[in-house]
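Structure first, then comments.
The values are calculated or read from the model by the stated rules, or taken from the named source; none is laboratory data. Here the structure is a predicted model, which means the values were calculated and not measured. All Cβ positions, even for glycine, are placed from backbone atoms using ideal geometry, and neighbour counts span all protein chains on display. The accessibility values were calculated without ligands, DNA or RNA, using every heavy atom of the protein model including side chains. Shrake-Rupley method; radii C 1.70, N 1.55, O 1.52, S 1.80 Å.
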Amino acid sequence: MSWLQAMVLAVVQGLTEFLPISSSGHLRIVSELFFGADAGASFTAVTQIGTELAVVIYFAKDIVRLVAVWFRGLFNAEVRRTQDYRLAWYVIVGSIPIGVLGLLFQDYIRSTFRSLWITGAMLIVFGVLMGLAERFGQQRRNQERLQLRDGVVMGFAQSLALIPGVSRSGGTITAGLTLGLDRPTAVRFSFLLAIPAVFAAGLSEIPHVFEPSATGLQPSVAQMVVATVVAGVVGYAVIAWLLRFVERHSVYLFVWYRIALGLLVFALLGFGVMQP
């Protein structure tokens, strides 16, 4: 991997990680279209550590409060009746599905699921599902009305992001809207839900990213470190923008973008411009 490739892919990761358009799908498409090789699932997972650090920094006060309340609630019945204590458990419970499924299907994640035909299809299918959730979701519940069911369902939706093209935030936001959460609540909970899963996946993939390989792009340690930092800085700016955007606008912009990109991927594959 060259430094140009590492920086381009880092910026792409930062721009797309939190938008409901699939960062892994974009990394797969960009690396194949412009560099003629797959950056790999490990590169994607490790750079996501940078973007999740951006989440931790942006929501630092919320995270510290939730962690403190959770520990106090283990020994205090009154604290266990608070919404913050329940919210902390929702994040924990919602993080379990992606961890289990990630271990069970890790070989497919690194190989079969990275087919660009699958990526294009997932961009379109989950774009349509997000549009339907925006159209028909009641959006009546805010963070104070989050329930355990929301954590479980959004956790399983997050696990679908193991397939490039689905989108971690796209899957969880779609599930949240379908369950009746308002957009800001669905987005904020999506960010919190991603933290345990992404850190666990990224740390577990660090040894794999430097394994010698006959195919694909292999970064150096320096490139991996710098790419992770760049992805985090760009991702922080995207978080701030997205939270403001969803307060005033629907998610249809992302729906149409996903559908258009998915169709473009099919066309490029069909004409042989890209290899699946």
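Listed values, structure above:
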{"quantity": "Exposure of Y90 as accessible area (Å², to 10), given a probe of 1.4 Å and all protein chains", "calculated": "20"}
{"quantity": "For region 257-274, 3J(HN,Hα) per residue [Karplus equation, 6.51 cos²θ - 1.76 cosθ + 1.60, θ = phi - 60°, Hz, x = Gly/Pro]", "calculated": "5, 4, 5, 4, 5, x, 5, 5, 4, 4, 5, 5, 5, x, 8, x, 5, 10"}
{"quantity": "Rounded to whole Å, sorted largest first: equivalent-ellipsoid semi-axes of region 1-135, Cα gyration tensor", "calculated": "34, 18, 15"}
{"quantity": "Helix 83-104 vs. the chain, principal-axis angle (Cα, 0 to 90°, nearest 10)", "calculated": "30"}
{"quantity": "Degrees, to the nearest 10: 3-16 long Cα axis against longest axis of the chain", "calculated": "30"}
{"quantity": "Helix 116-136 axis, angle to the chain major axis (alpha carbon atoms, nearest 10°)", "calculated": "30"}
{"quantity": "Relative contact order (%) - criterion: Cα under 8 Å, at least six apart; region: the chain", "calculated": "36"}
{"quantity": "Relative contact order for region 1-159, counting Cα pairs under 8 Å that sit 6 or more residues apart, in percent", "calculated": "22"}
{"quantity": "Total charge dipole magnitude, region 127-208, about the Cα centre, Cβ charges on Lys, Arg, Asp, Glu only, Debye to nearest 20", "calculated": "240"}
{"quantity": "For region 114-177, the fraction of alpha-carbon pairs in successive 5 Å shells from zero, as %", "calculated": "4, 19, 25, 24, 15, 7, 4, 2, 0"}
{"quantity": "Cα shape, region 118-276, gyration tensor, a/c 1.5 rule", "calculated": "oblate"}
{"quantity": "For the chain, size of Cβ-based charge dipole, Lys and Arg +1, Asp and Glu -1, in debye", "calculated": "820"}
{"quantity": "Largest-first ellipsoid semi-axes for region 85-191, taking √(5λ) over the Cα gyration tensor eigenvalues, angstrom", "calculated": "25, 18, 8"}
{"quantity": "Added length on full extension, which subtracts the Cα-Cα distance from 0.36 nm per residue, Y108 to R149", "calculated": "11.9 nm"}
{"quantity": "I21 long-range amide H proximity, modeled H, under 5 Å", "calculated": "G170"}
{"quantity": "Two-decimal log10 I(q)/I(0) for the chain, as the Debye equation yields it once each C-alpha is a single scatterer, q = 0.08, 0.09, 0.10 Å⁻¹", "calculated": "-0.31, -0.39, -0.49"}
{"quantity": "Solvent exposure ordering (accessible area, 1.4 Å, most first) of F136, F59", "calculated": "F136, F59"}
{"quantity": "Carbon/sulfur fraction of accessible area - the chain, other protein chains in place, 1.4 Å, %", "calculated": "69"}
{"quantity": "Mean Cβ neighbour count within 10 Å, used as a protection proxy, ranking 143-154, 67-78, 120-131 highest first", "calculated": "120-131, 143-154, 67-78"}
{"quantity": "Calculated over region 42-121: convex hull of Cα atoms, volume per residue (Å³)", "calculated": "130"}
{"quantity": "Listed residue (Y108, T51, V246) projecting farthest to the positive dipole end of the chain, Cβ model", "calculated": "V246"}
{"quantity": "Euclidean distance of C-alpha centroids, region 17-91 and region 127-146, integer Å", "calculated": "20"}
